[in-house]
Each structure stands twice: as C-alpha cells, then as structure tokens.
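One structure below.
The values are calculated or read from the model by the stated rules, or taken from the named source; none is laboratory data. Remember, predicted model here, so these are calculated numbers, not experimental data. Here the Cβ positions follow ideal geometry from the backbone for every residue, glycine too, while neighbour counts run over all protein chains shown. What goes into the accessible areas is simple: the full protein's heavy atoms, side chains included, and nothing from ligands, DNA or RNA. Shrake-Rupley method; radii C 1.70, N 1.55, O 1.52, S 1.80 Å.
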There are 2 protein chains.
Amino acid sequence: MASDHTRSAILAAAERLYADRGFGDVTLRDIVAEAGVNLAAVNYHFGSKDELIAELFVTRSVQTNRERLRELKAAEEQGGGRAPIEVILRALVGPTLRGCLGPENQRSTAARFMIRASIESVPPIRRIKNREIDHLRKFAGAMRRALPERCDVDIYWGLNFALAMAHHTIRESERLTKLSEGKCDLDDVEDVVERVVSVATMALTARKTETKAPSRVAAR
Amino acid sequence: MASDHTRSAILAAAERLYADRGFGDVTLRDIVAEAGVNLAAVNYHFGSKDELIAELFVTRSVQTNRERLRELKAAEEQGGGRAPIEVILRALVGPTLRGCLGPENQRSTAARFMIRASIESVPPIRRIKNREIDHLRKFAGAMRRALPERCDVDIYWGLNFALAMAHHTIRESERLTKLSEGKCDLDDVEDVVERVVSVATMALTARKTETKAPSRVAAR
DNA sequence: TTGCAATTCAAACAGTTGTATGAAACTATC
DNA sequence: GATAGTTTCATACAACTGTTTGAATTGCAA
C-alpha cells in the first residue's frame, strides 16, 4: 500500500473546510486546492463526493459512539451490571457535549465538523444517522435495567429528551449565548453536562402525575 | 392591484415541493413547472430564489409566533399579569408541536414545510431564525415573572431545554418512532405537549442541587 | 381607440458543479 | 532495467443551476 498521503490530505482538508464554511459552499475544487492535490484524486480515492463526506462522518461518529459505550460499560461493570441512571445519561450526552462545546478557539476541527453535520444535515450524513438506532438501543437497555419499574415508553421519551437537550444546545449555542447576553456560559462544559443530565434524570424518575386533559387556554 | 395569481401559485407550489422533497433537490424549474408559470416569473416577483424561500419561511414563522404570543397574553391577562409556568411553556411549545406533529396524512403542507426548514436549515432561513431572539425574550420575561426567585441563567436554560425537546422531537420524530418500535405515539400531540411541558417545568422549579462535582451526583 | 405600464414568455447566458478520460509519472517486482 | 500495477495529472465533458434579456402580451386609464 502506497503512502496514504493524498488520501489523508484530502480527508483533512475536507474536514477543515466543511467545519469552517459548511457543506453548502465547499466544492471539490476548494478541497483539492486546500489539500494540494489533483481534482481527480477525490474520485479516484473515494469514488464520489458523497462517499468522501460519508467517510468523514462515519469516522467521527464511531469515535463518539465508542467513547459513549466505553463509559457505559465501565459504569455497568462497576455496578455489577446495573449503573445509576445519572451515570448512563452522562455517558450518553457527555462525549458529544465535551466534543462540541468548550472554548471556541480550542475546539477541534473534528468537533466543528460534527457541529456542521448536526446543523446542515446533508443527505449522505442523514443516511448514516438512520443507522445509529442500534447504538441507541444499547442505552435504552441500560436505562431499562437502571429503572426496571419504568415503562418502555417513558424510557424512550427520556432518552429522546436527553439527546434533544444535548444536541439542541450544541446546534443553538450561539443563539443561547446571545439570548442570555452571555449569562449562560457554554464554555463551562461540565456545567452544561450536569444540567442536561439532571433534567433528564428528573424526567425519568419523577412520579407520574396522572395529568388529565390540560386546561387549554381559551382559544380564538 | 393585479390578481396575485402567479405570485401565489409560485408560493404554493414551492411550499409543496419543499415540504415533500426538501430544499436540496428542488430547483426553480421544478417550482415553475408545478405552478404552471414561466421560469422568469420567480425572479420577477421575488427577486431571487433565496428571497422566495425567505418569504415562505417568514410567513409561516410569524403565524406560529403570533399564535404563541396570543396564548401567552391570554394566560397572563387571566392571571393578572402573571401566568403559571406550565401555561407559559405550553404557549411556547404547543403551537409548534401541534402544527408539526399529529397524523401524517392530515399534516398540512405548511407543517411539513416547517419541519423541512427545521431539518435542512438553508442559509436564508438561518438568517431569519437569528432574528427570532426578540420573540423569545418576551417568553423569558414572562417566565421570570412567573418564577421571580429563579435566577436569569436558570430561566434561559429552562427556555432552551423546552425548545430543545419540542424541536428535536419534531426533527427526529421518525427515528423515535422506529427506536421505540411504535411505542411512543407521536400522533397523540397533546400527550407530547404535556410531556415536554412537564419536564421543562421540573427543570425550572426543581430545587437546586448545589453539586458542582460532576463525578458523583447524590442520588434522590 | 390609443397609450402606457405591468406582466408573461421563450430563449439564452454565464457560471459552477461533480465526474470521466487517457496519457504521464511513479513504484515495486522480477 | 524491463514490466505491470498503482497513482497523479491536465483537461474535457455534460449537465444543471439561478439569473437576465428583450420582445410579446395583457390589463387598465384616458
């Protein structure tokens, strides 16, 4: 196998450009110029533009997923097959939040790329995301073991809300900073993690209030 | 004035196509074919493709925002200038959820368009979303009045999490259905609204746990 | 009617895009 | 050092994009 030089130069350049300028306005020609390689090299090494994007995203995804599962497994082994719900949730949202938030100037290219992927969600990426379900099922299983009295529906909703808070906070971090006039410190990642985890934990452990139909505010 | 026929035909066709196929692969030629008008009509009536998209999104946005504020104002007047936090949150997330969830076959074109706008988030739409902050500030104000003992930071985080749960649930409704194997019923919109509202309310009213250490969180 | 502005239309424009080609330059093996 | 396989390169291609043009048509007022 020849040196991966060209191949990895393309990957690095593409990730950097996508992270900085988004998928919308980065062309193959931009990428090869940044990488200092020939235009045809992309199709030679990756087959197509979409496959290049897919490879970038898959690489970063499996990294995050591996980290999540490592935290989860460690916690469950320590607890004899059953981990506290807070720890499970922290394993779920921690790696993503830590990767994508924090001081901007020290945010990695990989993190900025993943933020873009979350915001712009281009077709090849969406296709991959849909295969992420098996991974989430493992967390659903751990959560069910942690809260055996909880019904499945509540487990899934709790999982959904935990991911919602983490991802939305990443996506809209800029807006939250502006809205709060800087009062919400998104650089304090551990604080963000604890906020998300604590709310998600409450959602999953709160006693069910048998809410009847809520009194809707007068319509019309 | 002249009959708006062409103009509104373009708007309707564009909204329908964008809702069905996303922004990525709908061209001006698709739109004018669907609308039965000439290609140049888009630039004549709207100036550019981006301005057409912007007008579509602005129209639907102000509709939702108006509805939100109507619910909020009604609730505050009824409570003498101070509404319960649940009601405020319901006014915040209810209109959006009701517009975008529910049985698919009876989901309006407008709703499906807004879902697309939320998922794909094309540049002209993002520009408009950034101006939505003033609107959110009104809700932050109402929440502060409802929870005067709560610090601003917590208010903003609660607002952020409420929007997170609502928007993420809309964006990923398909995935949640698949993950839960249909157990989470996203057609029961009022149930979804109550779940989001109740979790957001807990997030905003729970007593602060002064744990700053992320390693160990006191259970219960 | 005539005049004038608003609108519609077919056609072309100018640019960009991702991809394909076939020759040239390598690299390693015999 | 000839050979075969891999990789690079300049260039062309074909298709599609949003936009513009300028002439035709329409609608309405005087």
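For the criterion of being open to solvent by 60 Å² or more (accessible area, probe 1.4 Å), part of a helix (DSSP H, G or I), free of Cβ contacts under 8 Å to residues at least 60 places away in the same chain and β-branched (Val, Ile, Thr), A:Val62 passes. Criterion applied to A:Asp25, A:Asp30 was being open to solvent by less than 80 Å² (accessible area, probe 1.4 Å), without any contact (Cβ under 8 Å) to a residue 40 or more places away in the chain and within 11 Å of DNA strand C (Cβ to nearest atom), and the one residue passing it is A:Asp30. Here is the figure for region B:1-57: residues that are among the β-branched types (Val, Ile, Thr) and part of a loop (DSSP other than H, G, I, E, B) total 3. Evaluating B:Glu51 against the criteria (1) out of contact with any helix residue (DSSP H, G or I) (no Cβ under 7 Å at 6 or more places or on another chain); (2) free of Cβ contacts under 8 Å to residues at least 24 places away in the same chain leaves one unmet condition, (2). Here A:Met165 fulfils each of the conditions (1) open to solvent by 10 Å² or more (accessible area, probe 1.4 Å); (2) touching a His at 6+ places or on another chain (Cβ under 9 Å); (3) under 23 Å from B:Asp152 (Cβ atoms) apart from (1).
Yes or no, residue by residue, for (1) at the interface with chain A (Cβ under 7 Å from one of its Cβ atoms); (2) in contact with a Phe, Trp or Tyr (Cβ under 9 Å, 6 or more places away or on another chain); (3) among the aliphatic types (A, V, I, L, M):
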position	(1), (2), (3)
B:Gly141	no, no, no
B:Met165	yes, yes, yes
B:His168	yes, yes, no
B:Thr177	no, no, no
B:Asp187	no, no, no
B:Arg195	yes, yes, no
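When the criteria are applied in full, A:His5 fails the requirement of being near DNA strand D (Cβ under 9 Å from one of its atoms), in contact with a Ser or Thr (Cβ under 7 Å, 6 or more places away or on another chain) and open to solvent by 60 Å² or more (accessible area, probe 1.4 Å). Kindly indicate whether B:Arg145 is modelled with pLDDT of 90 or more, open to solvent by 40 Å² or more (accessible area, probe 1.4 Å) and more than 9 Å from chain A (Cβ to nearest Cβ). In short, yes.
What residue, of A:Arg137, A:Arg98, is outside the structural domain of A:Arg21 (by TED's automatic domain parsing) and free of Cβ contacts under 8 Å to residues at least 12 places away in the same chain?
Every option except A:Arg137 fails the conditions.
Select from region B:13-22 the residues that are away from chain A (no Cβ under 14 Å) and without any contact (Cβ under 8 Å) to a residue 60 or more places away in the chain and write down the one among them that is farthest from DNA strand C (Cβ to nearest atom). Here the answer is B:Leu17. Within region A:13-22, track down each residue that is away from DNA strand D (no atom under 16 Å from the Cβ) and open to solvent by less than 40 Å² (accessible area, probe 1.4 Å). A:Glu15, A:Leu17, A:Tyr18, A:Ala19, A:Gly22, listed by residue number. Of the residues making up region A:125-139, those that are surrounded by 14 or more Cβ atoms within 10 Å (Cβ to Cβ) and away from chain B (no Cβ under 11 Å) are A:Ile125, A:Ile128, A:Lys138.
Just give me the residues in region B:65-97 being of a type in the set (D, E, K, R) and open to solvent by 60 Å² or more (accessible area, probe 1.4 Å), in sequence order.
Hits for region B:65-97 are B:Arg66, B:Glu67, B:Arg70, B:Lys73, B:Glu77, B:Arg82, B:Glu86.
Within region A:118-127, if we keep just the residues that are under 24 Å from A:Ser173 (Cα atoms) and of a type outside the set (Ser, Thr, Tyr), the residue that is modelled with the highest pLDDT turns out to be A:Ile125. Based on this model, can you work out whether A:Arg127 counts as part of a helix (DSSP H, G or I), in contact (Cβ under 8 Å) with a residue 60 or more places away in the chain and more than 25 Å from A:Val192 (Cβ to Cβ)? For A:Arg127, the condition - part of a helix (DSSP H, G or I), in contact (Cβ under 8 Å) with a residue 60 or more places away in the chain and more than 25 Å from A:Val192 (Cβ to Cβ) - is met.
Identify all residues within region A:31-64 that are closer than 17 Å to A:Thr109 by Cα and within 16 Å of DNA strand D (Cβ to nearest atom); write none if there are none.
The answer is A:Ile31, A:Glu34, A:Ala35, A:Leu52, A:Glu55.
Within region A:187-195, is there a residue that is surrounded by fewer than 20 Cβ atoms within 10 Å (Cβ to Cβ), touching a helix residue (DSSP H, G or I) at 6+ places or on another chain (Cβ under 6 Å) and aliphatic (A, V, I, L, M)? So that I can check it myself, show each step before the final result.
If we filter region A:187-195 for residues that are surrounded by fewer than 20 Cβ atoms within 10 Å (Cβ to Cβ), which is where we start, we get A:187-191.
Going one step further and asking which of them are touching a helix residue (DSSP H, G or I) at 6+ places or on another chain (Cβ under 6 Å), we end up with A:189.
This time we only want the ones that are aliphatic (A, V, I, L, M), so: A:189.
Scanning region A:187-195 turns up at least one residue that is surrounded by fewer than 20 Cβ atoms within 10 Å (Cβ to Cβ), touching a helix residue (DSSP H, G or I) at 6+ places or on another chain (Cβ under 6 Å) and aliphatic (A, V, I, L, M).
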